[in-house]
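**Student:** One structure follows; several queries about it will come next.
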Amino acid sequence: MHDSRCPDPVPRRRVSLKTRWSVWHARFSTAGLVARMDEREAVSVVAAVHGGLSILAIGFFSWIINLPLTFPAIAPSAFILFATPTTDSAAPRSIILGHFSGMASGWAAWHLVSAVVGEPVSIQSGGLAAVVSASLALGVTCGLLIRLSCPHPPACSSSLIIAVGGVTDWLGILVIAVAVVWITLQAVAVNRLAGVRVPTWSPVSRTDSDGT
């Protein structure tokens, strides 16, 4: 006998989180954006969004712990990390070692010049002492960046901040160091999440990247 009842509707399959993530990642990863947009436009979107969010994250944490983790030199580092993530200057080794070399150079120059003139060098008081301290710090920093193969230009800003007396206490220098490590690790995680094969420490050699 024919059953006149309407057939049960076909149950809708639930899309798994893994499938949803795969679709989202394919659409909004860096490679997905480049495939749908002009490369320059895609990179500009990635750099703007990720760079802004990285500073927002570290600034929010800075607000919670009431420590100034957002300092001027970290902004150009964020740009390099997200606009040119596969270059040598964006490698974690270059960023961390570069900033640390700059901080050490600035600290040494500030103490040396302060000892010579008999008073702490300060950007507020200005004068020849501040100029000499900044010049000495920047010169040493530039030499170290090349000598240690960590070409990260924003590290020179860290050097100058300390050399002219902007930050001279250990807590302030430690805060800068924490901010540098924070944004570097954050960028590695975000870039890898976006499908960009960035190094975890040293720059990727050209032979490795070419697969030869």
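Coordinate-derived values only; no laboratory data. Source: prediction; values computed, not measured. All Cβ positions, even for glycine, are placed from backbone atoms using ideal geometry, and neighbour counts span all protein chains on display.
**Student:** How large is Rg/Rh for the stretch 18-204, to two decimals, with Cα atoms and a Kirkwood Rh?
**Tutor:** Details: Rg = 18.6 Å, Rh = 17.5 Å.
Reported Rg/Rh (Cα atoms, Kirkwood Rh): 1.06.
**Student:** Given R₀ = 25 Å, FRET efficiency for THR87-LEU53 by Cβ-Cβ distance, to 0.05? Could the numbers behind the result be given before it?
**Tutor:** Details: r = 21 Å, r/R0 = 0.83.
For R0 = 25 Å, the calculated efficiency reads 0.75.
**Student:** While we're here: For the stretch 175-181, what does the Karplus curve 6.51 cos²θ - 1.76 cosθ + 1.60, with θ = phi - 60°, yield as ³J(HN,Hα) per residue in whole Hz, taken in order and with x for Gly and Pro?
**Tutor:** 4, 4, 4, 5, 4, 5, 5
**Student:** What nm value, rounded to one decimal, do you get for the distance between ARG197 and ALA75 when each label is placed 7 Å out toward the C-beta?
**Tutor:** 3.5
**Student:** Please name which of VAL196, ILE58, THR184 has its Cα lying farthest along the dipole of the stretch 18-204 towards the positive end, using unit charges on Cβ (Lys, Arg +1; Asp, Glu -1) and the Cα centre as origin.
**Tutor:** VAL196
**Student:** Once phi is turned into ³J(HN,Hα) by the Karplus curve 6.51 cos²θ - 1.76 cosθ + 1.60 with θ = phi - 60°, what whole-Hz value does each residue of the stretch 86-103 show in order, with x for glycine and proline?
**Tutor:** Running phi through 6.51 cos²θ - 1.76 cosθ + 1.60 with θ = phi - 60° gives 9, 7, 4, 6, 9, 5, x, 4, 5, 6, 5, 5, x, 5, 5, 5, x, 5 Hz.
**Student:** Which of the chymotrypsin sites (Phe, Trp or Tyr not before Pro) across the stretch 130-212 are loop residues per DSSP, with 14 or fewer other Cβ within 10 Å? Intermediate results must be reported in sequence, preceding the final value.
**Tutor:** Details: sites: TRP170, TRP182, TRP201; in loops: TRP201.
Counting only loop positions with at most 14 other Cβ atoms within 10 Å, the chymotrypsin sites (Phe, Trp or Tyr not before Pro) in the stretch 130-212 are TRP201.
**Student:** Under a crude label model (7 Å from the Cα following the beta-carbon direction), how far is ILE123 from VAL204 in nanometres?
**Tutor:** Going from the ILE123 label point to the VAL204 one covers 3.7 nm.
**Student:** State the extension gain, in nm to one decimal, for the chain segment bounded by SER149 and LEU174, taking 0.36 nm per residue of separation less the distance between their alpha-carbons.
**Tutor:** Length gained, SER149 through LEU174: 6.7 nm.
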